[in-house]
Amino acid sequence: MAAGDRTVLQFNSPSSAILSAKVHPLVIFNICDCYVRRPDQAERVIGTLLGSVLPDGTVDIRNSYAVPHTESAEQVALDIEYHHNMLVSHQKVNPKEVIVGWYSTGLGVTGGSALIQDFYSREVPNPIHLTVDTGFRNGEGTVKAFVSVNLALGDRQLAAQFQEIPLDLCMVEAERVGFDILKKTAVDKLPNDLEGMEVTMGRLLALIDDVYKYVDDVVEGRVPADNNIGRFIAETVASLPKLSPPAFDKLMNDSLQDQLLLLYLSSIARTQLGLAEKLNTAAQIL
Amino acid sequence: MANSMAKSFLQVAATEEVVSPLRVVQIEGLVILKIIKHCKEFSPALVTGQLLGLDVGIVLEVTNCFPFPIREEDEEIEADGANYQLEMMRCLREVNVDNNTVGWYQSTILGSYQTVELIETFMNYQENIRRCVCIIYDPSRSNQGVLALKALKLSDSFMELYRANSFTGEKLREKNLSWMDIFEEIPIKVSNSALISAFMTELESDTPVTQCDYDRLQLSSNPYMERNMEFLIECMDDLSVEQQKFQFYYRSLSRQQAQQQAWLQKRRADNMQRKAAGEDPLPEEDPSNPIFKPIPEPSRLESFLITNQIANYCNQINGVSGQSFNRLYLMKSLHDN
């Protein structure tokens, strides 16, 4: 009869088509730090996520701050004024960072989360909810991102469902600093130029050894040959530029000489400094 | 009994706390990431921020930081800046972050941070906080794969001299202060909470080679070296200007002395004549004569700072050259094989 009352449950896909989210390591550090510093009676920490939305729809989460809240069995109260104050302060530094969602520690979502999600959706059209499991309940630290999806029956809104979206941990900055520094609970010294170089070359050598062993294994028949990997290796080896030995030698020697000259110049400059200093503070001959 | 109690209290109040010298700055991984993020976002503009933490014995712990907004040159914005700081500190206090200022951080380009402003900022901070430290981060150098983070402090002897505002040759010789003694570099230790270290161990990427390695193995370090050399040359020019100032001062000083001697001789000859004629001798000094006016000695502060900067550039060049040598030889052996 009427196509009106359809009793089919509709899952409305998120309107702004948020495909995925990217998280920077600073956010994780911030969240863990706030969790460690939380007041004794609080079980979890809640806070705001700042970042931006990239043109292809991915949400880039770059910064965060904790918001004090009180929680009981039935209700959750968030300090809204604090939230606004911090937002204003953060935006003074970086006006491009806007609210993109909120986070809470602990695995999964609870009932109170829906209320908070509601609050944040008044600030931002489609907030992301990030959960960071600081309790390591699954035996590993899981970081998940959710978006709320409306469940509608016909025209009536029934409820909102938290739907997980793919999360990408982009650890480039952490890698730059060096995982060794960020992993251990205490590092005694920051590596300087040459030590870092040593470590890197060690890693390169290990990689080359691995490839060598793999090729050996394949040749001896211990490991089935994979054409793709073979092609990759052939391409890599072929990508070394083919220079004739004299040309390559000249290139290398030129660069070496340039570096040596610079080194010499800087040593002379330092000697000059030593001399100048002695002259300047020498006793005046009167 | 009450007397002896009062005396011991007086004794305690009378003995000053011995300030142990600062040996190590302990930074949290969180602070490093925050500093890097802030400096990188605004590079090449220079940015600053505040460090918060605790002062414990010989270790200065830095547990958090927040960035300062870029300030325009405007009167009202000054008050805004102070408000921003208070607001941030208050908000951070509510979430149990250490509310104690222990210094500030700033970004720099190619290590050219030794300026008079830095010293003045140090003096300002030192008035309120007993121990403060400045962390310098160099984003351009970090692109070479080195974590260019340094913790600096002004040495005590330098601070005394600066307060007295006298940088003459004798004073410096007295204190045995050379250009190397202005800034003290303090070793940095990194600490992380157990939770973070668990997370990072978990989330560490599986690839054995990281972005850091890519940066380090990059063969083109020429642009960086070129800029370094440019800065070095400019600084040498500045240094020679300072040297000329000193030369001029010495020359005018010796000229003035010669004039003084000549005038003194003339005065003495006059006096002999007058004695022979029976009149009163004229005084042997005449403060109103312009040749007796003492010439002010130029301050050596600028030249010290410039020298420091040059030394810095030289160090950087040395470091990068070392790396380049490694890379070149690596390339050579790869090619031979």
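Within a Cβ distance under 13 Å of A:K213, other residues only, what is the Lys/Arg minus Asp/Glu net charge? Once positives and negatives cancel, what remains is -4.
The peptide list B:105-116, B:133-144, put in order of mean Cβ contacts within 10 Å with the highest first, becomes B:133-144, B:105-116. A full extension of the chain between A:I208 and A:V88 corresponds to an added length of 38.1 nm, given 0.36 nm per residue minus the alpha carbon distance. For the pairs B:K34/B:K332; A:K213/B:K332; B:K34/B:K150, note any where the Cα-Cα span goes beyond 27 Å. Check vs 27 Å cut-off fails for B:K34/B:K332. The listed peptides B:214-227, A:33-46, B:267-280, B:316-329, ordered by packing as a protection proxy, come out as B:316-329, A:33-46, B:214-227, B:267-280 (highest mean of other Cβ atoms within 10 Å first). Of all beta bridges that DSSP places with both ends in region B:28-119, some 100 percent have antiparallel geometry. For the residue pairs B:K245/B:K266; A:K22/B:K40; A:K92/A:K144, the C-alpha atoms sit more than 25 angstrom apart in B:K245/B:K266; A:K92/A:K144. Averaged over peptide A:195-203, the number of partner chain Cβ atoms lying within 10 Å of each residue's Cβ comes to 6.
Reducing region A:236-259 and region A:218-235 to their Cα centroids gives an inter-centroid distance of 29 Å. Shielding of peptide B:242-253 by partners, expressed as the average count of other chain Cβ atoms within 10 Å per residue Cβ, is 1.
So how far apart, in nm, are the two label points at B:T201 and B:M89 if each is 7 Å from Cα heading toward Cβ? My value for the distance between the label points is 3.8 nm. Ordering of B:240-246, B:194-200 by packing is B:194-200, B:240-246, highest average first (other Cβ atoms within 10 Å, averaged per residue). Counts of other chain beta carbons within 10 angstrom of each beta carbon in peptide B:92-104 average 3. Evaluating 6.51 cos²θ - 1.76 cosθ + 1.60 at θ = phi - 60° for every residue in region A:218-229, the Karplus couplings come out as 5, 4, 6, x, 6, 10, x, 6, 10, 4, 4, 5 Hz, glycine and proline recorded as x.
Placing R0 at 45 angstrom, the Cβ-Cβ distance between A:D168 and B:D156 gives a FRET efficiency of 0.35 after rounding to 0.05.
In nm, to one decimal, how far is the modelled label at B:N315 from the one at B:W263, with both set 7 Å along Cα→Cβ? For B:N315 paired with B:W263, the spin-label model returns 4.8 nm.
First measure r as the distance between the Cβ atoms of B:E230 and B:K275, then evaluate 1/(1 + (r/R0)^6) with R0 = 56 Å and state the FRET efficiency to the nearest 0.05. Working from the Cβ atoms, E equals 0.25. Model label sites at A:T70 and A:D216, defined 7 Å from Cα along the beta-carbon direction, differ in position by 6.9 nm.
Laboratory data are not the source of any read-out in this text; all were calculated from the coordinates shown. The structure presented is a predicted model; accordingly, all values stated were derived computationally and were not measured. Cβ coordinates were reconstructed from backbone atoms using ideal geometry, including for glycine residues, and neighbour counts include every protein chain displayed.
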